[in-house]
1. Just to be sure before I move on: is residue 59 at pLDDT 95 or above and buried (at least 17 other Cβ atoms within 10 Å of the Cβ) in the structure I sent?
2. Kindly evaluate residue 87 against the criterion of being on the phi > 0 side of the Ramachandran plot and either at pLDDT 90 or above or out of contact with any helix residue (DSSP H, G or I) (no Cβ under 7 Å at 6 or more places or on another chain) (or both).
3. Can you name the number of the only condition in (1) in contact (Cβ under 8 Å) with a residue 40 or more places away in the chain; (2) more than 30 Å from residue 67 (Cα to Cα); (3) crowded, with 17+ Cβ neighbours inside 10 Å that residue 124 fails?
4. Out of all the residues in the stretch 86-111, which are outside any helix (DSSP H, G or I) and under 43 Å from the mean Cα position of the chain (by Cα)?
5. Residue 79 fails exactly one of the following numbered conditions: (1) free of Cβ contacts under 8 Å to residues at least 60 places away in the same chain; (2) touching a helix residue (DSSP H, G or I) at 6+ places or on another chain (Cβ under 8 Å); (3) within 30 Å of residue 45 (Cβ to Cβ). What is the number of that condition?
6. Here is a list: 59, 55. Which entry is touching a strand residue (DSSP E or B) at 6+ places or on another chain (Cβ under 9 Å) and either touching a residue at least 12 places away in the same chain (Cβ under 8 Å) or on the phi > 0 side of the Ramachandran plot (or both)?
7. May I ask you to list the residues in the stretch 100-121 that are crowded, with 17+ Cβ neighbours inside 10 Å and farther than 17 Å from residue 45 by Cα?
8. Check the stretch 62-70 and report whether any residue there is within 24 Å of the chain's Cα centre (by Cα), assigned to a helix (DSSP H, G or I), surrounded by 15 or more Cβ atoms within 10 Å (Cβ to Cβ) and touching a residue at least 60 places away in the same chain (Cβ under 8 Å).
């Protein structure tokens, strides 16, 4: 999440105590919750899930096409074997080019499917990294002044990350979230163009379904 919240024990400046006796009023913030529930994070996650679904549809379609080619190849192979067993040499000779063509088509389709899968995964991983990185950078820049403002309004002398607060303190997480959600969204957080693959196919963030495999036998 936000680096400075994760790696520093507190963020807000100490302020002088108004009484003669020692006092220490502090708050805390759940940085992970802020990042997860920030409105732009939610929009970005929805966008990425949508792209994942699109990719899965394309991937399923390509896998079905490969499966169909595989079925045709196996059917031709069985027919050819039956002709060989019947010693029908002329028919075998006539059918062999068809089997060869189907074998090549199947190999090419498998190669294309594998390439589509790998390239889409790589591009969409980069899209996700870019979007989440933009959100993290935006929060890095905006979080401190918001926390300081809320802390001063509540007369808090310090604000800690929740991980470092074992007891007591004032939780200002929801107030920070509410203020963040009134700010102008980070530019391009959930609107960047998705990865484009062959034939205009759009990718997704995804870890889509398993790799395609096709049986081949003669």
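1. no
2. In short, yes.
3. The single condition residue 124 does not satisfy is (2).
4. If the condition is that a residue be outside any helix (DSSP H, G or I) and under 43 Å from the mean Cα position of the chain (by Cα), then no residue fits.
5. (3)
6. Numbers: 59 fails: touching a strand residue (DSSP E or B) at 6+ places or on another chain (Cβ under 9 Å).
Step by step, each of 59, 55 is checked, and only 55 is touching a strand residue (DSSP E or B) at 6+ places or on another chain (Cβ under 9 Å) and either touching a residue at least 12 places away in the same chain (Cβ under 8 Å) or on the phi > 0 side of the Ramachandran plot (or both).
7. 102, 106, 109, 110, 113, 116, 117, 120
8. First, the residues of the stretch 62-70 that are within 24 Å of the chain's Cα centre (by Cα): 62-63.
Checking which are assigned to a helix (DSSP H, G or I) leaves us with 62-63.
From the residues that got through so far, the ones that are surrounded by 15 or more Cβ atoms within 10 Å (Cβ to Cβ) too are 62-63.
Filter once more, keeping what is touching a residue at least 60 places away in the same chain (Cβ under 8 Å): 62-63.
So far as the stretch 62-70 goes, yes, one or more of its residues are within 24 Å of the chain's Cα centre (by Cα), assigned to a helix (DSSP H, G or I), surrounded by 15 or more Cβ atoms within 10 Å (Cβ to Cβ) and touching a residue at least 60 places away in the same chain (Cβ under 8 Å).
The values are calculated or read from the model by the stated rules, or taken from the named source; none is laboratory data. Since the structure is predicted, the reported quantities are computational estimates derived from the model, not experimental observations. When we count neighbours, we look across all protein chains shown, and the Cβ atoms used for this are built from the backbone with ideal geometry, even at glycine.
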